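Quick notes on the structure that follows.
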Amino acid sequence: MRIVLLGAPGSGKGTQSALLVKAYGVPQISTGDLLREERAKGTELGLRAKAAMDAGKLVDDATVLGMIRERLSRPDAVKGFILDGFPRNLVQAEALEKMLADMRTPLEAVVLLNLDLKTLFKRLTGRRICENCNQVFNIYTSPPGMLAEKCGGKPHRLIQRDDDKEEVIGKRLDVYEAQTKPLIDHYRAAGLLRVVDADADMNTVFKNIQKALETPAGG
Ligand code: AMP
């Protein structure tokens with residue numbers, strides 16, 4: 001499986017990637033996670049990315065493309081991958097196509113998680129992450145049982161990502177509209193796009209994705 005999960009921030013790409021990893025045994029490659037790891041380690045790349053991330057803007061293409069090239073060359077990506085949060089603009093999409101053509105492993109599908117702006121905003125402001133195990137929750141939509149679960153025998157330690165604070169969310173959604181949304185037409189023209197309704201609980205959306213992957217492109 002070699003796919004891109006496309007969608008605005010808050011559309012559920014991370015959650016659905018985790019389900020796809022479990023079901024298909026291919027790695028999730030999230031440029032957002034890779035950048036957050038670099039920041040946590042305090043690397044030069046992490047420091048360079050910080051200003052753009054904190055402002056809700058895109059990190060420069062050269063940095064992101066270097067990171068992706070390295071990640072795709074690791075052995076576990078030979079069996080396939082789920083790209084989450086990459087590509088984010090046309091320059092990145094074209095660079096990805098070239099990289100994959102050189103490796104003779106073209107993309108098989110691009111799944112668009114479709115959700116209206118109002119719902120996106122609510123999901124982003126409600127998103128919380130456990131500091132210990134990185135599991136993602138939502139104070140509005142996660143089932144109560146899920147929030148009460150434990151990690152390592154203790155309650156989850158839920159924190160809000162800095163870029164999920166209300167003042168940054170608007171900027172991230174603007175960047176999606178201006179720079180990432182044009183990828184929908186790009187991948188539709190390439191015959192790769194599958195559109196999935198993402199306004200449902202995570203298991204229903206997952207079933208919709210599986211159905212979309214089994215049907216020919218055109219949606
Ligand atoms: P995410 O976790 O995918 O929402 O990404 C968090 C932040 O990381 C974004 O708001 C950007 O600042 C940066 N980022 C993640 N992926 C990319 C990408 N493909 N290109 C540029 N910046 C990115």
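The values are calculated or read from the model by the stated rules, or taken from the named source; none is laboratory data. For clarity, every value in this text was computed on a predicted model and none was experimentally measured. Glycine also receives a Cβ, built like all others from the backbone with ideal geometry; neighbour counts cover every protein chain displayed. For the accessible areas, the whole protein counts, side chains as well, though only heavy atoms, and no ligand, DNA or RNA atoms are used. Shrake-Rupley method; radii C 1.70, N 1.55, O 1.52, S 1.80 Å.
So what is the accessible area of the chain per residue, in Å², with the probe set to 1.4 Å?
Details: 11350 Å² over 219 residues.
Each residue of the chain exposes 52 Å² on average to a 1.4 Å probe.
Here the gap between Lys22 and Lys207, fully extended at 0.36 nm per residue and compared with their Cα-Cα distance, gives a gain of 65.2 nm.
Taking the chain, how much of its Cα-Cα pair set, in percent, is spaced more than 24 angstrom apart? Counting every Cα pair in the chain, those more than 24 Å apart make up 42 percent. For Lys181 and Ala55, the difference between the fully extended length at 0.36 nm per residue and the C-alpha to C-alpha distance is 43.4 nm.
Answer rounded, prolate or oblate for region 152-219, using the Cα gyration tensor with square roots of eigenvalues a ≥ b ≥ c: rounded when a/c is under 1.5, else prolate when a/b is larger than b/c, else oblate.
Values: a/c = 3.40, a/b = 1.35, b/c = 2.52.
Cα axes put region 152-219 in the oblate bin.
For region 28-73, carbon and sulfur atoms together expose 53% of the accessible surface, with a 1.4 angstrom probe and every protein chain in place. Near Glu214: Cβ cut-off under 15 Å, other residues only, Lys/Arg at +1 and Asp/Glu at -1. The net charge is +2. Could you tally the net charge around Gly46, taking each other residue with its Cβ under 13 Å from the Cβ of Gly46, Lys/Arg +1 and Asp/Glu -1? With Lys, Arg at +1 and Asp, Glu at -1, the net is 0. Across the chain, Cα pairs under 8 Å and at least six residues apart give a relative contact order of 28 percent. Centre-to-centre, using Cα atoms only, region 28-101 and region 157-219 are separated by 17 Å.
Each other residue within a Cβ distance under 10 Å of Ala95 adds +1 if Lys or Arg and -1 if Asp or Glu, for a net charge of -1.
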